[in-house]
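Okay, structure first, notes after.
The values are calculated or read from the model by the stated rules, or taken from the named source; none is laboratory data. Quick caveat: nothing in here was measured; it's all calculated off a predicted structure. Every residue, glycine among them, receives a Cβ derived from its backbone with ideal geometry; neighbour counts consider all protein chains shown.
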């Protein structure tokens, strides 16, 4: 029987050990790796072929760096596990940010007994609202880029294309714009997000949003 490979990322060693023992009782689930920090979680994505990753939201106290780690894994690595966020608190803001980061589900640690079945459903793509969530997250991200950073519609399109890995030449061709027009829009993005390069602009947006939220003013 093919087992579902699972990694657990949590800075609480006691919870980590308990989850390893609990999930180990399921014959179709195999915990192949664990991590306690964001850096270790990123390393796991280079080494292991993981089907499901259980990611604690706060890997260091009240930092929400688990959300940032999830987004970096899903954005920057070839191996893209389905990520389930874990938390002690039912917080709508954290739920929203988790989904915007690319997570597919959100589970309270007090409801850990539901995890084996949740893992199976996610692994088998038995997740009918997944596509709706993706569309919702795309809409929310665009809304944030417009309302918080005052990006224009064209600037948002360029931002999203760059974030997806498109080269300058590809974007110019897809949008039927000149190189000078492209550079003008990029300069506007950099000025509004206060960054020195488009990559740094994307990284800054993610770090602010996923770890701090956007309820505070964006600072240099």
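Among the criteria (1) touching a helix residue (DSSP H, G or I) at 6+ places or on another chain (Cβ under 8 Å); (2) farther than 15 Å from residue 80 by Cα; (3) modelled with pLDDT of 90 or more, the one residue 8 does not fulfil is (2).
For (1) surrounded by fewer than 20 Cβ atoms within 10 Å (Cβ to Cβ); (2) modelled with pLDDT of 90 or more; (3) under 28 Å from residue 139 (Cβ atoms), each residue gets a yes or a no:
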residue: 18; (1), (2), (3): yes, yes, no
residue: 26; (1), (2), (3): yes, yes, no
residue: 58; (1), (2), (3): no, no, yes
residue: 66; (1), (2), (3): no, yes, yes
residue: 77; (1), (2), (3): yes, no, yes
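Selection of first residues in the range 146-163 that are in the same structural domain as residue 186 (by TED's automatic domain parsing) and of second residues that are surrounded by fewer than 17 Cβ atoms within 10 Å (Cβ to Cβ) and modelled with pLDDT under 90, restricted to Cβ pairs under 6 Å at least 6 apart or on distinct chains, gives the following pairs, ordered by first then second residue: 148/214; 156/142.
The rows are residues; the columns are (1) outside the structural domain of residue 122 (by TED's automatic domain parsing); (2) surrounded by 13 or more Cβ atoms within 10 Å (Cβ to Cβ); (3) closer than 14 Å to residue 109 by Cα.
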| residue | (1), (2), (3) |
| --- | --- |
| 15 | no, yes, yes |
| 21 | no, no, no |
| 36 | no, yes, no |
| 41 | no, yes, no |
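When we screen 71, 111 for residues that are within 17 Å of residue 208 (Cα to Cα), at pLDDT 85 or above and either within 13 Å of the chain's Cα centre (by Cα) or outside the structural domain of residue 166 (by TED's automatic domain parsing) (or both), the only hit is 71.
Condition test on residue 50, is it in contact with a strand residue (DSSP E or B) (Cβ under 6 Å, 6 or more places away or on another chain) and either farther than 24 Å from residue 96 by Cβ or modelled with pLDDT under 95 (or both)?
Working: in contact with a strand residue (DSSP E or B) (Cβ under 6 Å, 6 or more places away or on another chain): yes; either farther than 24 Å from residue 96 by Cβ or modelled with pLDDT under 95 (or both): yes.
Spelling it out, residue 50 is indeed in contact with a strand residue (DSSP E or B) (Cβ under 6 Å, 6 or more places away or on another chain) and either farther than 24 Å from residue 96 by Cβ or modelled with pLDDT under 95 (or both).
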